[in-house]
Amino acid sequence: MFTLPPLPYADNALEPVISANTISFHYGKHHKTYVDNLNNLVKGTDYESATLEKIITETAGKADKAPLFNNAAQIWNHTFYWNSLKAGGGGKPAGKLMELIDSSFGGYDNFKKELSATTVSQFGSGWGWLVQDGSALKIVKTPNAEVPFTKGQKPLLTIDVWEHAYYLDHQNKRAAYVDAVIDKLLNWEFAAQNLG
Ligand SMILES: [Fe+2]
């Protein structure tokens, strides 16, 4: 059985950028529904006791396995997203991450511009990511439920740009939501843990 991991903070911790109302739908309904769907899909199959990563890796790109991939990946993505955020986050990271941002993007301002532009430009539903690819950091976007680690890139942080992530608080202003997340919520300690 897959379970909905606990939110790593109170439901109002990310206000005013992300309200408790958004969390109640996004975490309490959308994220939970992916867990419920996956549990129904794996019942009686070899995947019943598999890890999410195994299901995602083995079903990626297989049209006949799309429901398994989509629900497993969306559980993984959302858990990763909640951990990518924290109250009082955002701004510049310290240490190795800042060095990698300087060498990969030519400074924090360029990094921030590229993260915002790439994430905002995802057409339709999807995700913006900071990933480690070899010795460099990169910014990528993925549509729908897709995850960078199926292509060998290691996710460090993500921003959800499905409309359910921001519409209640920012309506159609996706860029305002993304920029506020970058400035106020990104959890650089989580990114540093992922960098290893
Ligand atoms: Fe979402």
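The values are calculated or read from the model by the stated rules, or taken from the named source; none is laboratory data. Just so we're clear, the structure is a prediction, and the values are computed from it rather than from any experiment. FYI the Cβ positions are ideal-geometry reconstructions off the backbone, even for glycines, and counts take in every protein chain you see. Only protein heavy atoms, including side chains, enter the accessible area calculation; ligands, DNA and RNA are left aside. Shrake-Rupley method; radii C 1.70, N 1.55, O 1.52, S 1.80 Å.
As a length-normalised measure over Cα pairs under 8 Å and 6 or more apart, the relative contact order of the chain settles at 24 percent. For the chain, the share of accessible area belonging to carbon and sulfur comes to 53 percent (1.4 Å probe, ligands and nucleic acids excluded). Listed by chain and number, the lysines placed with their C-alpha closer than 22 angstrom to that of residue 29 are 43, 86; residues fewer than eight positions away on the same chain are left out. Under 18 Å of direct C-alpha separation, and excluding same-chain neighbours fewer than eight residues apart, residue 151 reaches these lysines: 54, 62, 65, 138, 141.
A cut-off under 14 angstrom between Cβ atoms defines the neighbours of residue 65, and their net charge, with Lys, Arg +1 and Asp, Glu -1, is -2. Evaluated at q = 0.12, 0.22 Å⁻¹, a Debye calculation over the C-alpha positions of segment 31-92 (equal weights, vacuum) places log10 I(q)/I(0) at -0.34, -0.84.
Extents of segment 59-102, taken as max minus min of Cα coordinates on every principal axis and listed largest first, are 44, 24, 11 Å. Evaluated on the chain, the Kirkwood hydrodynamic radius is 17.1 Å, with distances taken between all distinct Cα atoms. With semi-axes defined as the square roots of five times the eigenvalues of the C-alpha gyration tensor, the equivalent ellipsoid of segment 1-116 measures 32, 20, 11 Å, largest first. Bridgeable aspartates and glutamates around residue 92 (alpha carbons under 12 Å apart, same-chain partners fewer than 8 residues away excluded): 102, 109, 183, 189. Annotation: per residue accessible area for the chain equals 47 Å², rounded to a whole number [probe 1.4 Å, protein chains only]. So what's the net charge close to residue 39: Lys and Arg +1, Asp and Glu -1, counting the other residues with Cβ under 15 Å from its Cβ? Combined, the nearby Lys, Arg, Asp and Glu give -1.
Dipole magnitude for the chain: about 140 debye, using +1 per Lys or Arg Cβ and -1 per Asp or Glu Cβ, origin at the Cα centre. Shown in residue order for segment 183-196 are the 3J(HN,Hα) couplings computed by the Karplus curve 6.51 cos²θ - 1.76 cosθ + 1.60 at θ = phi - 60°: 6, 10, 10, 4, 9, 5, 5, 5, 4, 5, 4, 5, 5, x Hz (x for Gly and Pro). Taking the chain as a Gaussian network of alpha-carbon nodes connected by springs under 10 Å, the highest mean-square fluctuation of the residues 14, 85, 186 belongs to 14. In segment 117-196, the ratio of gyration radius to Kirkwood radius, Rg to Rh, stands at 0.97 when only Cα atoms are counted.
Of the residues 14, 73, 61, the one whose Cα sits farthest toward the positive end of the charge dipole of segment 1-127, with +1 on the Cβ of Lys and Arg and -1 on the Cβ of Asp and Glu, is 14.
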